[in-house]
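Notes for the one structure printed next.
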Amino acid sequence: MASNMDREMILADFQACTGIENIDEAITLLEQNNWDLVAAINGVIPQENGILQSEFGGETLHGPAYGPTSHSTAASSTPSSSSAFRHVVPSRQIVERQPRMLDFRVEYRDRNVDVVLEDSSTVGDIKHILENELQIPASKMLLKGWKTGDVDDSTVLKSLHLPKNNSLYVLTPDLPPPSSSHSGALQESLNQNFMLIVTHREVQREYNLNFSGSSTIQEVKRNVYDLTSIPVRHQVWEGWPPSATDDSMTLAVSGLTFPCHRLTVGRRSSPVQTREQSEEQCTDVHMVSDSDGDDFEDATEFGVDDGEMFGVASSALRKSPMMPENAENEGDALLQFTAEFSSRYGDCHPVYFIGSLEAAFQEAFYGKARDRKLLAIYLHHDESVLTNVFCSQMLCAESIVSYLSQNFITWAWDMTKEANRARFLTMCTRHFGSVVAQTIRTQKTDQFPLFLIIMGKRSSNEVLNVIQGNTTVDELMMRLMAAMEIFSAQQQEDIKDEDEREARENVKREQDEAYRISLEADRAKREAQEREMAEQFRLEQIRKEQEEEREAIRLSLEQSLPPEPKEESTESVSKLRIRTPSGEFFERRFLASSKLQVVFDFVASKGYPWEEYKLLGTFPRRDVTQLDPNKSLLEVKLYPQETLFLEAKE
């Protein structure tokens, strides 16, 4: 049986010869032939012309002249190096491989259309077929669901590396929606925004991602790849609904919970598996993503050197530069840099700060003294011969990665493109001065990559060290540690100054707080006095009003009293002598026929209203105010004379 390393080599050669990009499909075909590479290739490609030579035992096998080139001259002369197959120019014309047929199921509103085309056809050919089937002008169609980036009508299907079976959908935003409620609901769902809360299992970190309903599951997985550096084919998912059966499906029809849905993503342990392991992990089509659209993401996992793959320089296989040219946003540029760096050199690398250089300064230098760190700026250059060695062997060494993550904020920039180089030199002049900018400007390409160690100070940022690419892991670690010693000494001084400043500020805060409390107490006391004075004034006003009211009543009663009869009056006269609570007396004569109410009014006119005072008789002792006020004085026996006294009611 072939070892795991041999299987990786056989798998890589088999994919290169047959053009089969899907790893699981390739592994299945190889296992059917007991990992016999030649037999597997002959089973896929018709062997009518051409020969395929094997260097195992010098046996010559008939077959097509396909196969990767050797990695180097030395590899060609050594049978055990890199690849077991090489090109042999046949005497007869090589028979080309049969065209590959692709199946498409296209969804439009409530209809599904099946389309079968050769992989040499274009996207526009699919639209022309749909134009006849759906009676919709091709110019009005938006064909969505592709697993790659932007696709136009001239794109050749073969260049998209599609699987055999594909699902697409058509949008027609320029056409009026149908009248049916189902189609209207679907269009509404496509226009909705879904919040996906994605948990990265290995690092226990959550990402809140917004996607429109027209986005596909594949687009979600690609965005997660940019954030987590987990290639799509290595992603293991949990949380997708059972109805989400295809990565080309839109979120609107996948059955996600609206408006929020939780998902979990992790990394698959090994990209090369046995057929039984592959079938076990792929029982749920969304637990493990396939490899479509991620060609050569992790070429090193198949035993291929970073420098070359099948005799082709790695730079020719890179899908994109480390950083886009003339990027408007530095954060977006750093996102692509991180993703491309992970794709080339693996996931064990420094954690690059995502954001502008100013934001990196803020993060490293402007927190509390105890939380500050050094800033390491990595300047990458693809055209330097030192770059691959520096990145793979030094910058990605576990000891360097660990030390940088604990003590540094690491920021990166790609100096390969002239526009990006000029942009960084402008930033460098602004933040570090013209001397440092000139030093970097004069560096030759082969002196890159550079590692700048920056320490923040009160008035300026100081460049402690400029490390060139021609170094070793030990030397790099020593220079990082030397920079940390300088920084630690400065940090201790800053901590001491900060503690003293905080102590002074605490004393000042305590004094200010005591003064504030004193002011609050004085204000509260003053407000209480003002409230008391206001209450006294209010009560005095009420008292005055009551006195005025009583005086008005008294005068009214006094004026309403009948005139006092004279002593020589011929009518019966009753003479009453009334004693006040203060001991004073007042007398008055009343007609014996006068009502008792007249006596009450007379007493009230003197300031003793009968509601507040009782009028008491002496012999016998009785409360006159309890008698009927409408009876005459004669009837109540207050005739011819009587002495009464006033007593306040309780």
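The set of residues in region 418-474 being at pLDDT 85 or above, open to solvent by less than 50 Å² (accessible area, probe 1.4 Å), in a helix (DSSP H, G or I) and not aliphatic (A, V, I, L, M) consists of N420, R421, F424, C428. Looking across region 398-417 at every residue that is among the β-branched types (V, I, T) and over 18 Å from D474 (Cα atoms), the one that is surrounded by the fewest Cβ atoms within 10 Å (Cβ to Cβ) is identified as T416.
Only residues that are surrounded by fewer than 19 Cβ atoms within 10 Å (Cβ to Cβ) and assigned to a loop (DSSP other than H, G, I, E, B) were counted in region 364-392, giving 6. Checking each residue of region 254-276 against the condition of being modelled with pLDDT under 80 and charged (D, E, K, R) gives at least one match. Kindly provide the set of residues from region 346-358 that are in a helix (DSSP H, G or I) and either open to solvent by less than 30 Å² (accessible area, probe 1.4 Å) or among the basic types (K, R) (or both), ordered by number. Scanning region 346-358 gives a single hit, L357. Taken over region 197-222, the criterion of being at negative phi, under 18 Å from the mean Cα position of the chain (by Cα) and open to solvent by 70 Å² or more (accessible area, probe 1.4 Å) is satisfied by R201, V203, R205, E206, N208, N210.
Here L395 passes the criteria (1) open to solvent by 40 Å² or more (accessible area, probe 1.4 Å); (2) assigned by the TED database to the domain that holds T338 except the one numbered (1). Within region 524-555, the only residue that satisfies the criterion of being touching a residue at least 40 places away in the same chain (Cβ under 8 Å) and open to solvent by 100 Å² or more (accessible area, probe 1.4 Å) is R550.
Residue pairs whose Cβ atoms lie under 6 Å apart, sitting 6 or more positions apart in sequence or on different chains, and linking a residue in region 434-454 that is within 13 Å of E383 (Cα to Cα) and touching a residue at least 60 places away in the same chain (Cβ under 8 Å) to a partner that is open to solvent by 80 Å² or more (accessible area, probe 1.4 Å) and of a type outside the set (A, V, I, L, M, F, W, C), are T445/E383. For region 98-139, the set of residues classified as among the basic types (K, R) and either buried (at least 16 other Cβ atoms within 10 Å of the Cβ) or assigned to a loop (DSSP other than H, G, I, E, B) (or both) consists of R100, R105, R109, K127, listed by residue number. Can you tell me which residue within region 140-155, out of those that are in a loop (DSSP other than H, G, I, E, B), at pLDDT 80 or above and under 30 Å from the mean Cα position of the chain (by Cα), is nearest to T250 (Cα to Cα)? If we take residues in region 140-155 being in a loop (DSSP other than H, G, I, E, B), at pLDDT 80 or above and under 30 Å from the mean Cα position of the chain (by Cα), then G145 is nearest to T250 (Cα to Cα). Any chance you could count how many residues in region 29-42 are open to solvent by less than 40 Å² (accessible area, probe 1.4 Å) and closer than 19 Å to K164 by Cβ? Looking only at that region, the number is 3. For region 349-408, filtering for residues that are of a type in the set (S, T, Y), modelled with pLDDT under 90 and closer than 27 Å to Q492 by Cβ leaves 1. Consider A2 carefully, then state whether it is buried (at least 17 other Cβ atoms within 10 Å of the Cβ), at pLDDT 50 or above, of a type outside the set (S, T, N, Q) and outside the structural domain of K147 (by the TED database). Here the answer is no, as A2 does not meet what is asked.
The values are calculated or read from the model by the stated rules, or taken from the named source; none is laboratory data. What you see is a predicted model; the values in this text were computed from it and never measured. No Cβ is skipped: glycine too gets one built from the backbone with ideal geometry, and neighbour counts run over all protein chains shown. SASA here: full protein model, heavy atoms, side chains in, ligands and nucleic acids out. Shrake-Rupley method; radii C 1.70, N 1.55, O 1.52, S 1.80 Å.
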